[in-house]
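Down below is the structure, laid out as structure tokens.
The values are calculated or read from the model by the stated rules, or taken from the named source; none is laboratory data. Everything numeric in this text was worked out from a predicted model, so none of it was measured. We place every Cβ from the backbone using ideal geometry, glycine too, and count neighbours over all the protein chains shown. Protein only, heavy atoms only, side chains kept; ligands, DNA and RNA dropped before computing areas. Shrake-Rupley method; radii C 1.70, N 1.55, O 1.52, S 1.80 Å.
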Amino acid sequence: MARVHVSNVVVMNNPCPFFTPFKFEITFECLESLKEDLEWKIIYVGSAESEEYDQVLDSVYVGPVPEGRHMFVFQADPPDTSKIPVGDAVGVTVVLLTCSYKDKEFVRVGYYVNNEYTDVELRENPPTTPIYEKLVRNILDTQPRVTRFKIEWDDEVQEQMSQMSLAMSQTKTNQAITETIAAVEELSMDNENLPPIYSDF
């Protein structure tokens, strides 16, 4: 069972000019105190064609994390435009907010992002080379896509091994009892065939 649940994400500075930093207010619930930090990342998808153009805008470690409700603001610089394919600069793309524990990602919140010109002439006749200074970024924050992944949390591996060890021990005990009962039954059957013992006492 997941020990951390993202309960709310508020997209701030939206809509805004392309070069405005990304800013998210994140609220999450921790069901049990964690031994290690949570790692959060903001990833900008430069092209839907290949992960090669994905950019990790920033990553931050949050911890120690005690049991309870927590909130923080995560800010990251805009993407490096030199790493975005020219044909994917304008239009719809995606920004991802991810969280990992012990290098294992357990939740991903994805938002569609629409980059467009506000100038009507540029919309109708977009330049061959994108003019990022005139692009407006609009994150569609009402339609997030949340994906959860199952990971092993603190002590879960040890608990599973203990349960397996206990199950194996119980199996061996049951097997020993079964063998003992069978041996006693066999001995009883042998005793029935023995001649009676007479005693002078």
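Here are Val95, Val107: which of them is farther than 30 Å from Asp155 by Cβ, touching a residue at least 24 places away in the same chain (Cβ under 8 Å), aliphatic (A, V, I, L, M) and assigned to a strand (DSSP E or B)?
Working: Val107 fails: farther than 30 Å from Asp155 by Cβ.
Answer to the check: Val95.
Which one of Arg108, Arg123 is of a type in the set (Lys, Arg), out of contact with any Pro (no Cβ under 8 Å at 6 or more places or on another chain), more than 20 Å from Phe18 (Cα to Cα) and open to solvent by 20 Å² or more (accessible area, probe 1.4 Å)?
On the way: Arg123 fails: more than 20 Å from Phe18 (Cα to Cα).
None of the others qualify; the one that does is Arg108.
Applying the selection to segment 48-85, what residues are assigned to a loop (DSSP other than H, G, I, E, B) and more than 25 Å from Lys134 (Cα to Cα)? Listed by number, the residues that qualify are Ser50, Gly63, Pro64, Val65, Pro66, Glu67.
In the set Thr118, Thr98, only one residue is in contact with a strand residue (DSSP E or B) (Cβ under 7 Å, 6 or more places away or on another chain), open to solvent by less than 10 Å² (accessible area, probe 1.4 Å) and among the hydroxyl-bearing types (Ser, Thr, Tyr); that residue is Thr98.
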